Amino acid sequence: MADYFEAINLSKIYKTRNGDAVIVDDFNLEMKRGEFVCIIGHSGCGKSTVLSMIAGLNEISNGSVVLDGAEIEGAGPDRGVVFQSPCLLPWMTAYENVALGVSQVYFHATREERHQITEYYLTVVGLGDAMHKKPGELSGGMQQRVGLARAFALSPNMLLLDEPFGMLDKLTKFELQQVLIDLWNRERLTAMMVTHDVDEAIYLADRVIMMTNGPAARVGEILDIKLDRPRDRNEIMASEQYGRYRDHLMGFLEERSGHGAAA
């Protein structure tokens, strides 16, 4: 099967008074259609910079990104992005926040068809009874559900997630991970997620991309996660294979930290 996504010699360089500051250098990655990868690494290693370049929100200094056979230039609805903060318009309801994007992408659809798409995804993420509330009336976890519904409702070619559950408590994080993976199992979007959580990466991903420390960060190692889908969290976390994956990832991080790595 041909690669669906390619990051080719991707670099980010900022000009400073003291010369070039190379944040990401020669980042290379290929993905198959429908694959889910997680990127981990220490803070400041350029994980989010890579994601923002792929999203078209941060200019690429060198290299290129190819998605579904075409080189991307700038942001576009072919990439759905979910940030750590949901970035909802506070004066609009959850429904209106999702419908805004749906109307732009499905502009040829009828009003009823756009309504059905919006309502469907809000219901699937568990907001059937709260879709007409504004962000200020929703918890952080519920707001992030709106962000997930909005991203999936656009039917993008690629889903990009930048630590979407990083600010949530453990129970809410687990709930939202399940919402995400249930949606992904249905849609099988090609997905890339930045996370600092090793357990999250193993639970969600087909492969975990380990980045070296910055500056001039790049892909250091790639770990294949050979766990059958759908995955039961308790079952896989109790398995020996899970323990080996976790030890490997923690070892990679600890080798690059003078203070040890946090899970």
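Quick note: the coordinates plus some simple rules give every number you see, no bench work behind them. Please read all numbers here as calculations on a predicted model, not as lab measurements. We place every Cβ from the backbone using ideal geometry, glycine too, and count neighbours over all the protein chains shown.
Please list the equivalent ellipsoid semi-axes of region 183-263, computed as the square roots of five times the alpha-carbon gyration tensor eigenvalues, in descending order and whole angstrom. Kindly include the intermediate steps, with their values, before the conclusion.
Values: eigenvalues 108, 55, 19 Å².
So the three semi-axes of region 183-263 are 23, 17, 10 Å.
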Handout entry: Hull volume in cubic angstrom per residue (convex hull over the Cα atoms of region 36-113)
Key = 152
Practice task
Could you pull out the pairs from Lys134/Lys170; Lys12/Lys134; Lys32/Lys133 whose alpha carbons sit more than 32 Å apart here?
Solution key: Lys12/Lys134; Lys32/Lys133
Problem - region 162-226 - Rg (one decimal) and Dmax (whole number), Cα, Å - result: 12.9, 38
Completion exercise
Expressed in µm² per second, the diffusion coefficient of region 107-220 from the Stokes-Einstein equation, with Rh the Kirkwood radius over alpha carbon pairs, at 10 °C and 1.306 mPa s, is 102
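Any chance you could run the full-extension gain for Ala75 through Ala21? It's 0.36 nm times the residue separation minus the Cα-Cα distance, nm to one decimal. Walk me through the numbers before you get to the answer.
Details: separation 54, 0.36 × 54 = 19.44 nm, distance 2.40 nm.
Taking Ala75 through Ala21 to full extension adds about 17.0 nm, to one decimal.
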Problem - Label zone at Lys133 (point 7 Å along Cα-to-Cβ), backbone N below 19 Å, region 69-87 - result: 85-87
Completion exercise
Relative contact order in percent for region 1-113 (Cα pairs under 8 Å, 6+ apart) equals 25
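Let me check I've understood the local charge: for Gln143, count other residues with C-beta under 13 angstrom from its C-beta, Lys and Arg +1, Asp and Glu -1. What total comes out? It would help to have the intermediate numbers written out before the result.
Details: positive: Lys133, Lys134, Arg145, Arg150; negative: Glu137.
Charge balance near Gln143 sits at +3.
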Problem - Diffusion constant of region 204-250 at 10 °C, which comes from Stokes-Einstein with the Kirkwood Cα-pair radius and 1.306 mPa s, µm²/s - result: 133
Completion exercise
For region 147-217, the charge dipole (Cβ of Lys, Arg +1; Cβ of Asp, Glu -1; about the Cα centre) points to a positive end, and the Cα of Met211, Thr172, Ala149 closest to that extreme belongs to Ala149
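Stokes-Einstein D for the chain at 25 °C, 0.890 mPa s, Kirkwood Rh over Cα pairs, in µm²/s?
On the way: Rh = 19.2 Å.
The Stokes-Einstein estimate is 128 µm²/s.
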Exercise for the section: Could you tell me which of Leu57, Pro77, Leu138 has its Cα farthest along the dipole of region 49-175 towards the positive end, charges placed at Cβ (Lys, Arg +1; Asp, Glu -1), taken about the Cα centre? Expected result: Leu138
Practice task
Calculate I(q)/I(0) for region 37-183 by the Debye formula, one identical point scatterer on each C-alpha and no solvent, and give its log10 at q = 0.17, 0.18 Å⁻¹ to two decimals.
Solution key: -1.01, -1.11
Problem - Overall dimensions of region 75-148 as given by Cα atoms, namely Rg and Dmax in Å - result: 11.8, 34
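Explain nothing, just the number: relative contact order of the chain, from Cα pairs under 8 Å at least 6 residues apart, as a whole percent. Walk me through the numbers before you get to the answer.
Details: 481 pairs, mean separation 65.9, N = 263.
In percent, rounded to a whole number, it is 25.
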Exercise for the section: Using every pair of alpha-carbon atoms in region 1-66, split the distances into 5 Å bins beginning at 0 and state the percent of pairs per bin, rounded to integers. Expected result: 4, 16, 26, 25, 17, 7, 3, 2, 1, 0
Practice task
Would you work out the charge dipole size for the chain about its Cα centre, treating the Cβ of every Lys and Arg as +1 and the Cβ of every Asp and Glu as -1, and quote it to the nearest 20 debye?
Solution key: 420
Completion exercise
Here the net charge surrounding Asn97, from other residues whose Cβ is less than 12 Å away from its Cβ (Lys, Arg +1; Asp, Glu -1), is +3
Practice task
Take every DSSP beta bridge with both residues inside the chain and express the antiparallel ones as a percent of the total, to the nearest 5.
Solution key: 55
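Starting from the coordinates of the alpha-carbon atoms of region 87-126, obtain the Kirkwood hydrodynamic radius over all distinct pairs and give the value in Å to one decimal.
Working: mean 1/r = 0.0965 Å⁻¹.
Every distinct Cα pair counted, the radius reaches 10.4 Å.
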Practice task
For Asp182 paired with Ser64, estimate the spin-label separation in nm (one decimal), with each label point 7 Å from Cα along the Cα-to-Cβ line.
Solution key: 4.1
Practice task
Run the quick spin-label model on Glu113 and Met250: label points 7 Å from Cα toward the beta carbon, then report their separation in nm to one decimal.
Solution key: 5.2
